[in-house]
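Asks: Take this structure, written in structure tokens, and hold onto it; I'll ask about it next.
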Amino acid sequence: MISSAEQKMQFLFSLRSCGVTNKRVLTAMENIDRRNYISDTFADNAYEDTPLPIGCGQTISQPSIVAIMTEALDVQARDKVLEIGTGSGYQAAILSQLARRVYTVDRHSQLTMAARKVFENQDIPNITAFTADGSKGLPDQEPFDRIIVTAASEDTPSTLLAQLRPGGIMVLPVGQSDTMQTLVKIKKTDQGLEHQELRTVRFVPLIEGLGKTYG
Ligand code: SAH
């Protein structure tokens with residue numbers, strides 16, 4: 001049995017070995033303990049590079065994908081960031097280390113409530129979690145410097161693009177398939193939208209409307 005300190009070292013090593021080199025991103029991921037965002041059932045798997053169930057039929061993403069998406073988002077210290085798909089709150093917590101303020105939205109109230117509790121316990125003051133249909137963005141708080149979507153849609157939601165500030169960046173998985181999508185980085189410039197395809201990923205789908213309540 002290896003110790004949790006060794007597991008954490010291996011965890012950070014695996015992030016570096018998947019090509020993530022940005023120091024601010026690696027430090028943020030070092031500061032946020034993934035163990036706090038998963039249930040006791042999966043405690044032994046906390047530092048493995050794998051998605052894990054978090055209830056409501058959803059999963060916390062694979063840490064290497066969280067790192068790759070965070071690096072691609074290129075968050076600046078004064079940024080206001082919108083995340084669609086709070087899930088466990090892990091990705092939002094990492095963004096909170098890099099940005100001025102993070103708004104995060106999930107369609108399952110159980111997930112947003114649980115995430116709020118963790119943010120409070122971990123003394124993270126700059127995240128606001130809402131239960132809402134994120135495919136509509138967050139009209140009350142727009143525009144955003146950065147938008148990250150952690151659920152897959154068939155096309156880039158134009159409503160979200162409209163809520164992105166000029167010069168802003170959006171990172172999201174896009175694809176027709178349930179099992180495989182392309183991670184896309186979009187930059188909004190004065191000349192139009194710049195698209196960059198980063199890699200293949202596998203995310204749960206972005207579903208319109210609020211989620212049902214799980215007992
Ligand atoms: N970022 C999360 C993992 C996201 S899993 C983490 O760090 O743990 C994808 C999440 O997107 C799920 O929790 C799912 O409920 C949510 N989701 C799917 N469609 C949505 C929608 N239209 N609006 C808001 N959240 C949505």
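The values are calculated or read from the model by the stated rules, or taken from the named source; none is laboratory data. As the structure is a prediction and not an experimental result, all values here were calculated from the model. Heads up, the Cβs are rebuilt from the backbone with ideal geometry, glycines too, and the neighbour counts pull from every protein chain shown. Only protein heavy atoms, including side chains, enter the accessible area calculation; ligands, DNA and RNA are left aside. Shrake-Rupley method; radii C 1.70, N 1.55, O 1.52, S 1.80 Å.
Asks: Under 7 Å between Cβ atoms, at least 6 apart or on separate chains: pull out the pairs that start in the stretch 79-101 with a residue that is free of Cβ contacts under 8 Å to residues at least 40 places away in the same chain and farther than 16 Å from Glu30 by Cα and end on any residue that is more than 6 Å from the ligand (Cβ to nearest atom) and of a type in the set (S, T, N, Q).
Replies: So the pair list comes out as Arg100/Asn126; Arg101/Asn126.
Asks: Being β-branched (Val, Ile, Thr) and surrounded by fewer than 17 Cβ atoms within 10 Å (Cβ to Cβ) is the filter here; which residues of the stretch 168-182 pass it?
Replies: Across the stretch 168-182, the qualifying residues are Thr179, Thr182.
Asks: What are the pairs, 6+ residues apart or on separate chains, where a residue within the stretch 121-137 that is more than 10 Å from the ligand (Cβ to nearest atom) has its Cβ under 6 Å from a residue that is in a strand (DSSP E or B) and among the basic types (Lys, Arg)?
Replies: Asn126/Arg101
Asks: Do you know which residues across the stretch 11-26 are surrounded by 13 or more Cβ atoms within 10 Å (Cβ to Cβ) and of a type outside the set (D, E, K, R)?
Replies: Within the stretch 11-26, Phe11, Leu12, Ser14, Leu15, Cys18, Val20, Asn22, Val25, Leu26 meet the criteria.
Asks: Exactly one of (1) of a type in the set (D, E, K, R); (2) touching a residue at least 40 places away in the same chain (Cβ under 8 Å); (3) open to solvent by 50 Å² or more (accessible area, probe 1.4 Å); (4) more than 9 Å from the ligand (Cβ to nearest atom) is unmet by Lys185. Its number?
Replies: The number of the failed condition is (3).
Asks: So, restricting to strands (runs of 3 or more DSSP E) that lie completely within the stretch 8-95, which ones have at least 3 residues that are within 24 Å of Thr128 (Cβ to Cβ) and within 13 Å of the ligand (Cβ to nearest atom)?
Replies: 58-60, 80-84
Asks: Which residues, taken from the stretch 112-162, are assigned to a strand (DSSP E or B) and of a type in the set (Gly, Ala, Ser)?
Replies: Ala129, Ala152, Ser153
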